[in-house]
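Asks: I have a structure I would like to understand better, so I am pasting it below and will then ask my questions one at a time.
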Amino acid sequence: QVQLVESGGGLVQAGGSLKLSCAASGIFFSIYAMAWYRQALGRQRELVAAISSGRSTNYADSVKGRVTISRDHAKNPMYLQMNNLKPEETSVYYCAADNRITITTQMPARCWGQGTQITVSS
């Protein structure tokens, strides 16, 4: 059984930066793709960034150039570096994983963490 735990959320000023971390416990295979999602109040969950088992990455258009997703395949941590944060990005951010090569909007992850709150003040 795999469990995912996010950390690193909090309050940040608009234009500021945060780095989220995700730790995976239990048996976690290198074939797993991983991703970060966010869900703002009253909105559906949105795929922010994904990283494949081969470490290729893709990003939502709204965060391109400001966000970097990375992972350590040996120890199974995953990170999301977010720069120049905007108030509309206030959301609960979720770590996610799946035993697929990649995670996409059309093929979402099926294993989820509990989420960590990011609040961006204006």
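The values are calculated or read from the model by the stated rules, or taken from the named source; none is laboratory data. Since we're looking at a predicted model, the values are computed, not measured. For neighbour counting, all protein chains shown are included, and Cβ atoms are generated from backbone atoms with ideal geometry for every residue, glycine included. Calculation scope for accessible area: heavy atoms of the full protein, side chains included, ligands and nucleic acids excluded. Shrake-Rupley method; radii C 1.70, N 1.55, O 1.52, S 1.80 Å.
Asks: For every other residue with a beta carbon closer than 11 angstrom to the beta carbon of Tyr93, add +1 if it is Lys or Arg and -1 if Asp or Glu, then tell me the sum. Spell out each step's value before the answer.
Replies: Values: positive: Arg38, Arg45; negative: Glu6, Glu46, Glu89.
Result for the local shell: -1.
Asks: What's the local net charge at Ala33, with K and R +1, D and E -1, over the other residues with C-beta under 12 Å away?
Replies: Working: positive: Arg55, Arg71, Arg100, Arg110; negative: Asp98.
Around Ala33, the surrounding residues sum to +3.
Asks: Further question: Could you work out the relative contact order of the chain? I mean the mean sequence separation of Cα pairs under 8 Å and 6+ apart, divided by the number of residues, in percent. Intermediate results must be reported in sequence, preceding the final value.
Replies: On the way: 308 pairs, mean separation 43.9, N = 122.
Over the chain, the number comes to 36 percent.
Asks: Give me the dipole magnitude in Debye, nearest 20, for the stretch 17-122 about the Cα centre, with unit charges on the beta carbon: positive for Lys and Arg, negative for Asp and Glu. Spell out each step's value before the answer.
Replies: Working: 12 positive and 6 negative charges, 20 e Å.
Charge dipole, the stretch 17-122, about its Cα centre: 100 debye, nearest 20.
Asks: Something else: Considering the chain as a Gaussian network with a 10 Å cut-off on Cα pairs, which listed residue, Gln81, Gln106, Gln44, attains the greatest mean-square fluctuation?
Replies: The residue with the greatest mean-square fluctuation here is Gln106.
Asks: I've got another one for you. What is the Cα coordinate range of the chain on the first, second and third principal axes, sorted by size from largest, in whole angstrom?
Replies: 41, 25, 24
Asks: In the stretch 60-102, what percent of the accessible surface is made up of carbon and sulfur (1.4 Å probe, ligands and nucleic acids excluded)?
Replies: Details: 970 of 1970 Å².
Carbon and sulfur: 49 percent of the exposed surface of the stretch 60-102.
Asks: Right, here's the next one. Under a 10 Å cutoff between Cα atoms, tell me which one of Cys111, Cys22, Cys95 has the largest fluctuation in the Gaussian network model of the chain.
Replies: Top of the fluctuation ranking is Cys111.
Asks: Filter the trypsin sites (Lys or Arg not before Pro) in the stretch 15-82 down to the DSSP loop ones having no more than 14 other Cβ atoms within 10 Å, then list what survives. Provide the component values of the computation, followed by the final result.
Replies: Values: sites: Lys19, Arg38, Arg43, Arg45, Arg55, Lys64, Arg66, Arg71, Lys75; in loops: Arg43, Arg45, Arg55, Lys64, Arg66, Lys75.
Taking the stretch 15-82 and a limit of 14 other Cβ atoms within 10 Å, the loop trypsin sites (Lys or Arg not before Pro) found are Arg43, Arg55, Lys64, Lys75.
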